[in-house]
Amino acid sequence: MCNMCNRMSKHRIAAAREKISTTADIKLITSVRDFFHLSSDDFYSQVVAEFEDIIPVIKTSIAGSRHVGRYCIGNKHGLLLPHTITPEEYQHIRRSLPHATVVQRIPEGLTCYARFIACNDHVALAHTELHQEVEELLNDVLKVEVFKPKDPYSYFSGTYCALSNIGALIHPHASKEVLDELSENLEVPFEAGTVNDGSVTLFPGMTVNDWTAFCGSTTTNAELQVINRVFKLRK
């Protein structure tokens, strides 16, 4: 096992509430993956001391925006960024990431926002109308198989799903049949749940990887218990 994997295996941390400025929308300003963490100025100081010895913690903006979690999709294999990212931002992120991580811009005219896609290191759950070129980029750069459910309900997208290699949380209106179908196709157990005191928009309300999660400040104790159980997190 690599040194980074050894460090991560020792740091399984229970889901935590975080209040950044006045927003409960934590995922907008941060994106935590198993091998790197992108963050805006708002959240950087709160994670760098704890995680900088485990994974790279990268303070950045994207196209001048603090909403870094909205505009990027990534996993241990790669990171997809919007075409609007500046050359300086791109080079900063590229230099800060592990050498093996592929970094690529999305071509102009295409979108790959996190509200349309939830992914881990193996699979992606995408909106039914995701463009074919974006799907191919997910295959090539992130090395994931893309699953686009035929069911037209809007909770089949990144907005209403939080996904790791261990488990997944999805819109509470998902039926048992939907949960079973997603669990079978994406090969991780799915459960229904909410964040931020009943909010069904899991993005931008939380961000998760295989060993920790950050949730919005209004997330209840009951919701945290569900998140910790689904993603097998602990203190």
- Task: Using only alpha carbon positions, build the gyration tensor of the stretch 77-129, then give the equivalent ellipsoid semi-axes as the square roots of 5 times its eigenvalues, largest first, whole angstrom.
- Result: 21, 16, 7
- Debye calc, one equal point scatterer per Cα of the stretch 155-235, no solvent, log10 I(q)/I(0) at q = 0.12, 0.21, 0.25 1/Å comes to -0.28, -0.89, -1.27
- Note on the structure: Once amide hydrogens are built 1.01 Å from N within the peptide plane, the residues lying 5 or more places from ARG105 or on another chain with amide H under 5 Å from its amide H are LEU81
- Counting sequence-distant residues (5 or more places) and residues on other chains, those with an amide H built under 5 Å from that of CYS161 are LEU202, PHE203
- Peptides ranked, highest mean first, by Cβ atoms within 10 Å: ranges 138-147, 180-189: 138-147, 180-189
- Of the accessible area of the stretch 120-224, with the probe set at 1.4 angstrom, what percent is carbon plus sulfur? 47
- Tell me which residues come under 5 Å, amide H to amide H, from GLY78 once H is placed; ignore anything under 5 positions away on its chain. VAL102
- Compactness of the stretch 71-224, expressed as Rg and Dmax over alpha-carbon positions, Å: 15.5, 47
- On a C-alpha basis, how far is the centre of the stretch 158-219 from the centre of the stretch 85-154 in Å? Whole number, if you could? 19
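The values are calculated or read from the model by the stated rules, or taken from the named source; none is laboratory data. Just so it is clear, the structure is predicted and the values come from calculations on it, not from any experiment. Counting neighbours? That spans all protein chains shown, and the Cβs are built from the backbone with ideal geometry, glycine included. Protein only, heavy atoms only, side chains kept; ligands, DNA and RNA dropped before computing areas. Shrake-Rupley method; radii C 1.70, N 1.55, O 1.52, S 1.80 Å.
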